[in-house]
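Participant: First, the structure itself, so that you have it in front of you.
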Ligand SMILES: *Cc1c(COP(=O)(O)O)cnc(C)c1O
């Protein structure tokens, strides 16, 4: 555990150069590592010694971001993956197999929604989706004998809903299953789910953690808090035939989950990030605390500007009083939520498209959550195959604009919006 505060950990955790070594995290662009005796390599394979032997499993540059993000989230270990989707997939496959069931929030990221709703059922893992604001009583009725995990997003992309993390954790634990939280939008700067009862945290590092839209990546952080010895997780508590009968909970204690994810699933599935992407992420993380603060300050000002504008119908930003999830934002993210807001333009689809096309500083991009302000009109892009009626059913009105506020001068962002609004 790092003795430093979170802002220091953003800059330095995970890498302490020794005398004469590079000050900057080195990019170890090597798949393989040299040893002087076969016995040493044997020990690595038997998990009896620590060390790098093949980059599919671990790499010194990835190791730095794993240690740094574990420190930021307050976990006992982490596994860096090739994308956020890979992290979410492994987080489930590590404890679920055919015949198992999970419970997940219904407003989670579209990619994860498809993974749980369409792809995992093909290999025998079923999901029950629940609303973000589900009551404890309603949630209780969704658990089954074969339920193995509960999965939520601390701040949903893109609808910006915030679940009662402690309520979900309590329900999961009462049924002997872990709570997995995707903390991508809030980041550990604004919310640390493990402190609220989550057991596993996942991220798409492609968003704020990287922060510059340069590298895809994902991470799984193990809180080390969950007791797997309750009969539901034989993969962790009984001998693993693919590793000479190792019992993860016996050998690795409270790091059993993350060790199994690496040694078994990363070995077999190979969703390995490149060392260069680990390096880019390490650079992004050095300014995470500063960027997130500025994203939130700017987004608050933009949301306030839009809310007061007579051509705007509504604004959705949970850090703004009056928002349905404002009380949850106050409880779990009192310092701020994120830089993404959504709003509706009066005049529907046509006005929204005109506004988007008129913006000059804000670029039309599918990505969110990086330094540069971006805008997207889902009805004419990501969701263009849907009719207006279907859009409304999906909670995405034809007037909805998703606006990812960057860290430019907020006056320029607002002036850009002002001139674009003039034109409709
Ligand atoms: C983007 C995103 C993902 C998927 O991450 P990729 O890195 O694009 O694979 C998962 N969860 C959330 C909340 C996201 O925003």
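Taken together, the values in this text are just the output of simple stated rules run on the coordinates, not laboratory data. Predicted model, so just to flag it, every value in this text is computed and none were measured. With ideal geometry, Cβ positions are generated from the backbone for all residues, glycine too; neighbour counts draw on all protein chains shown.
Participant: Of the candidates 121, 188, 158, which one comes out as most mobile in a Gaussian network treatment of the chain with C-alpha springs shorter than 10 Å?
Facilitator: 121
Participant: Could I ask something else about it? For 281, 47, 120, what's the fewest-to-most ordering of other Cβ within 10 Å of each Cβ?
Facilitator: Numbers: 281 29, 47 16, 120 21.
With the sparsest Cβ surroundings first, the list reads 47, 120, 281.
Participant: I've got another one for you. Please rank 207, 142, 170, 3, fewest neighbouring Cβ atoms within 10 Å first, as an exposure proxy. Don't jump to the answer; show the numbers that get you there.
Facilitator: Values: 207 23, 142 17, 170 14, 3 6.
In order of increasing Cβ crowding within 10 Å: 3, 170, 142, 207.
Participant: Something else: Can you give me the orientation-averaged projected area of the convex hull built on the Cα atoms of region 202-339, in nm²?
Facilitator: With the hull built on Cα positions only, its mean projection is 11.9 nm².
Participant: For region 130-226, rounded, prolate or oblate, judged on the Cα gyration tensor with a ≥ b ≥ c (square roots of eigenvalues), a/c < 1.5 rounded, else prolate if a/b > b/c? Display every interim value, and only then the final one.
Facilitator: On the way: a/c = 2.24, a/b = 1.72, b/c = 1.30.
Cα axes put region 130-226 in the prolate bin.
Participant: Calculate, axis by axis, the spread of Cα positions in region 53-147 along the three principal axes, and write the results as whole Å, longest axis first.
Facilitator: For region 53-147, the Cα spread along each principal axis is 45, 29, 25 Å.
Participant: Taking a label point 7 Å from the Cα of residue 57 along the Cα→Cβ vector, which residues of region 69-101 have an amide N closer than 19 Å to it?
Facilitator: Inside the label zone: 77-82, 94.
Participant: While we're here: Would any residue of region 44-88 have its amide N under 17 Å from a label point 7 Å out along Cα→Cβ of residue 11? List them or say none.
Facilitator: 68-69, 72
Participant: If R0 is 22 Å, what FRET efficiency do you get for residue 29 and residue 4 from their C-beta distance, rounded to 0.05? Working shown, then result.
Facilitator: On the way: r = 29 Å, r/R0 = 1.32.
E between residue 29 and residue 4, to the nearest 0.05, is 0.15.
Participant: Among 276, 298, 230, determine the one that fluctuates most according to a GNM of the chain built with springs between C-alpha atoms less than 10 Å apart.
Facilitator: So, out of 276, 298, 230, the one fluctuating most is 230.
Participant: Regarding the chain, what is the average projected area of its C-alpha convex hull, in nm²?
Facilitator: Taking a quarter of the hull surface, the average projection is 21.3 nm².
Participant: Rounded, prolate or oblate for region 275-356? Axes are the square roots of the Cα gyration tensor eigenvalues, ordered a ≥ b ≥ c, and the cut-off for rounded is a/c under 1.5. Could you put the intermediate results ahead of the total?
Facilitator: On the way: a/c = 2.86, a/b = 1.56, b/c = 1.84.
It comes out oblate by the Cα gyration axes.
Participant: Rounded to the nearest 0.05, what FRET efficiency is calculated for residue 367 and residue 297 with R0 set to 22 Å and r the Cβ-Cβ distance?
Facilitator: 0.55
Participant: So for the pair residue 390, residue 304, with labels modelled 7 Å out along Cα→Cβ, what separation do we get in nm?
Facilitator: Modelled inter-label distance: 4.1 nm.
Participant: Could I ask something else about it? Based on DSSP, what percent of beta bridges with both residues in the chain are antiparallel, to the nearest 5?
Facilitator: Values: 24 of 42 bridges.
In the chain, DSSP labels about 55 percent of beta bridges as antiparallel.
Participant: Test of understanding: what is the full-extension gain from residue 326 to residue 283, defined as 0.36 nm times their sequence separation minus their Cα-Cα distance? Walk me through the numbers before you get to the answer.
Facilitator: Details: separation 43, 0.36 × 43 = 15.48 nm, distance 3.23 nm.
Stretched fully, the residue 326-residue 283 segment lengthens by 12.2 nm.
Participant: Could you line up 180, 152, 407 from fewest to most neighbouring Cβ atoms inside 10 Å? Walk me through the numbers before you get to the answer.
Facilitator: Numbers: 180 26, 152 29, 407 21.
So the residues, fewest neighbours to most, are 407, 180, 152.
Participant: Any number yet on Rg/Rh for region 192-274, C-alpha, Kirkwood?
Facilitator: Rg divided by Rh gives 1.04.
Participant: Subtracting the Cα-Cα distance from 0.36 nm times the residue separation, let me have the gained length for residue 36 to residue 113 in nm, one decimal.
Facilitator: Values: separation 77, 0.36 × 77 = 27.72 nm, distance 4.77 nm.
Full extension from residue 36 to residue 113 adds 22.9 nm.
Participant: Can I ask one more? Measure out, as a whole number of angstrom, how far apart the alpha-carbon centroids of region 342-412 and region 78-120 sit.
Facilitator: Each part's Cα centre sits 27 Å from the other's.
Participant: In whole angstrom, note down how far apart the Cα centers of region 246-268 and region 285-305 are.
Facilitator: So the two Cα centres are separated by 37 Å.
Participant: According to a simple spin-label model (label point 7 Å from Cα along Cα-to-Cβ), what is the distance in nm between residue 212 and residue 167?
Facilitator: My value for the distance between the label points is 4.1 nm.
Participant: How far is helix 84-93 tilted off the main Cα axis of the chain, in degrees rounded to 10, range 0 to 90?
Facilitator: 50
Participant: Suppose each label sits 7 Å from its Cα in the direction of the beta carbon; what would the residue 242-residue 145 distance come out to in nanometres?
Facilitator: Reported label-point gap for residue 242 and residue 145 is 2.8 nm.
Participant: When all alpha-carbon pairs of region 375-416 are counted, what percent fall beyond 17 Å?
Facilitator: Values: 352 of 861 pairs.
Roughly 41 percent, rounded to a whole number.
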